[in-house]
Amino acid sequence: MAGKSGSREEVIIVGGGIVGCAIAWHLSCRGRKSRILERQEPGGLATHAAAGILGPMNETDRPGPFLDLLRQSLSLYPPFVDALVEETGLSPDFTTSGILSVAPRPEDRPALKARFEWQSALDSSLVFCEAPEARALEPALTGTLDSAIYYPDEGHVYAPRLIKALLGALSRRRIPLEQGVSVTRIAPSGHGTLLVFDREGGCREAEKVVLAAGALLSDIEIPGTRVPVTPVSGQILAVRSPGSFYRRVVFYPPHGYFVPKLDGTVVIGATEETIGTRTRVTPAGLMEFLSPLSSLAPGLLELPLHHTWSGLRPKSPDALPILGPHPECPGLFLAGGHYRNGILLAPVTGEIMADWIEGGSPALSLPFLPDRFLKSRNG
Ligand code: GLY
């Protein structure tokens, strides 16, 4: 069977968010063509909503393969961004600003100290700061503060600008991105290729298919099952600061953060709500992460509100990514479940999936194979 446009594709990527676009870009860097199919706007569900934090050490409570994956992706950011800037002239405001993780009260200190012990054994650049040192690093911390860990090599990127640059690079590389295509099912064609069916009645054929559909991955029927990814909504907001006084990303308990962006806005987030694919902003949601600031960094609450929004994180049952081939359907690959770290993990996911598509089996991805969730059709 021919594709919708009468041709068979080498690779179809389902999903035009940061992950799908990064895979297409890495494939193109290796001379491989792909076509991206996107249901709505590229990056519409998660990428445009992301705070863009690049902070591996605050995204896990233990050493191991997940932290290795996060750190590897952080190390790929400078060349990734340099290449995009060179190709497009568009800057995604990437910065190694440093990140602080704070213990506001003395009773928060032992847990922070314990984290510092195991993390500083992995990275000797970390600094345990008493309150005055932490305040010198981040002037927004005028309130109650006991101590902090400083991560000097971590930072952030402006996610909407990152995907804009990536889309610009894909366009220059003549990688097609079709919008308005809702993929519903993938099935083997019977002669070594895959068929990609969409809600609009279309059917495309490809040698290889990568599912990178983010929070909507489980809507797609694949041989034997669906991928169990749950959308987790995050409410978030931005305030405008009058200058560039604020400099570091700060993580504060129980699960808040603020991110001073290079354009003078400060992004503050975020809730975690499992409410399906609905996105909404509520006063109660915003209070969850704004209330702790009244004692920690009260000045931020006096700044003019710029805007509020919410997005959908794609969470797998073990909250870890799903990366690699479908165990029983040759040619079908999954790149999903990036949950809180789609932006951070984009460069390493692009490399890993390009390796898989070229017939490799990248070691970093082996702990994250899809077969841990996909039931065998034979048992
Ligand atoms: N990466 C932070 C969040 O998902 O809220």
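The values are calculated or read from the model by the stated rules, or taken from the named source; none is laboratory data. These numbers were taken from a predicted model, which means no experiment stands behind them. Heads up, the Cβs are rebuilt from the backbone with ideal geometry, glycines too, and the neighbour counts pull from every protein chain shown.
Overview of values
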quantity: Pair list, Cβ under 8 Å, 6 or more apart: segment 254-277 residue farther than 15 Å from H307 by Cβ and touching a residue at least 24 places away in the same chain (Cβ under 8 Å), other residue of a type in the set (K, R) and away from the ligand (no atom under 14 Å from the Cβ); calculated: P260/R247; P260/R248
quantity: Qualifying residues in segment 365-379 (those that are modelled with pLDDT of 95 or more and assigned to a helix (DSSP H, G or I)) - the one farthest from the ligand (Cβ to nearest atom); calculated: L366
quantity: Cβ-Cβ under 6 Å pairs, at least 6 apart or on other chains, segment 327-340 side at positive phi, far side more than 16 Å from the ligand (Cβ to nearest atom); calculated: G331/L194; G331/K208; G337/I322
quantity: Residues of segment 18-49 that turn out to be modelled with pLDDT of 95 or more and within 13 Å of the ligand (Cβ to nearest atom), as a count; calculated: 1
quantity: Sole residue being exposed (fewer than 13 other Cβ atoms within 10 Å of the Cβ) and either at pLDDT 95 or above or farther than 20 Å from P104 by Cα (or both), chosen from T282, T274, T265; calculated: T274
quantity: Single match in L300, L323, L334 (criterion: in contact with a Ser or Thr (Cβ under 6 Å, 6 or more places away or on another chain) and either more than 21 Å from I18 (Cα to Cα) or crowded, with 18+ Cβ neighbours inside 10 Å (or both)); calculated: L323
quantity: Residue, farthest from the ligand (Cβ to nearest atom), within segment 337-359, restricted to residues that are buried (at least 24 other Cβ atoms within 10 Å of the Cβ) and small (G, A, S); calculated: A354
quantity: Residues located in segment 207-259, provided they are away from the ligand (no atom under 16 Å from the Cβ) and aliphatic (A, V, I, L, M); calculated: V209, V210, L211, A212, A213, L216, L217, I220, I222, V227, V239
quantity: Lone qualifier among G202, G243, G214, G224 - being buried (at least 24 other Cβ atoms within 10 Å of the Cβ) and not aliphatic (A, V, I, L, M); calculated: G214
quantity: Among the candidates P362, P314, residue that is under 27 Å from P92 (Cβ atoms), modelled with pLDDT of 95 or more, within 16 Å of the ligand (Cβ to nearest atom) and not hydrophobic (A, V, I, L, M, F, W, C); calculated: P314
quantity: Counted residues, segment 160-189 - those being of a type in the set (G, A, S) and free of Cβ contacts under 8 Å to residues at least 12 places away in the same chain; calculated: 1
